[in-house]
1. Given the C-alpha centroids of the range 34-59 and the range 4-21, what is the distance between them in whole angstrom?
2. Would you mind giving the three semi-axes, in whole Å and largest first, of the ellipsoid equivalent to the chain according to its Cα gyration tensor?
3. At 0.36 nm per residue, and after removing the present C-alpha to C-alpha distance, how many nm does the segment from Val6 to Cys42 gain when stretched out fully?
4. Along the range 20-26, what does the Karplus equation 6.51 cos²θ - 1.76 cosθ + 1.60 (θ = phi - 60°) give for ³J(HN,Hα), rounded to whole Hz, x for Gly and Pro?
5. How large is the dipole of the chain about the Cα centre if only Lys and Arg carry +1 and Asp and Glu carry -1, each at its Cβ, rounded to the nearest 20 debye?
6. How large is ³J(HN,Hα), in whole Hz, for each residue of the range 34-45 in order, when computed from phi with the Karplus curve 6.51 cos²θ - 1.76 cosθ + 1.60 and θ = phi - 60°, using x for Gly and Pro?
7. Under 5 Å between amide hydrogens, which residues at least 5 positions from Leu13 or on another chain qualify, with H placed 1.01 Å from N in the peptide plane?
8. Apply the Karplus parameterisation 6.51 cos²θ - 1.76 cosθ + 1.60, with θ equal to phi minus 60°, to every residue of the range 47-63 and state each ³J(HN,Hα) to the nearest whole Hz, in sequence, with x for glycine and proline.
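Only the coordinates and a few stated rules stand behind these numbers; no lab work does. The structure presented is a predicted model; accordingly, all values stated were derived computationally and were not measured. A quick note on method: Cβ atoms are made from the backbone with ideal geometry, for glycine too, and the neighbour counts reach across all protein chains shown.
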Amino acid sequence: MVKDVVRDSEAWLVDEALTVSASPGLTFASRLYWPDDFAMTCGVVVPVDAELMADALREGMPWMRHANLNQLADDPRFAMVVYRTALNRGIMDSVVFQEPDGPP
């Protein structure tokens, strides 16, 4: 289960790579897709903290400063700004993308 802090909701997240690599309590940004009663990550998972989010809002587009949280979360430009900020801060330098092991 993951908590969407923007929408104050929970989702059952099915992601094998995060299951084996994420520590409990990890805060991350990712686009989610709901093919059924569960969610899947789509694209890149970005580790975030309050400082990165503040930087993203400060350096982001002017519309972001006046949008409510739901508008931000639903706008694809928000994901772009968060990812760009993480890249600029070097946060993604320590992220390793690895395929999960196949079936035993």
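1. One Cα centre to the other: 10 Å.
2. On the way: eigenvalues 121, 61, 25 Å².
Values for the chain, descending: 25, 17, 11 Å.
3. 11.2 nm
4. 8, 10, 7, 7, x, x, 4
5. Numbers: 8 positive and 16 negative charges, 102 e Å.
I would put it at about 500 debye.
6. Couplings: 10, x, 7, 7, 10, 10, 10, 6, 10, x, 7, 9 Hz.
7. Hits under the 5 Å cutoff: Val2, Ala39.
8. x, 10, 9, 4, 5, 5, 5, 5, 4, 4, 5, 5, 8, x, 6, x, 4
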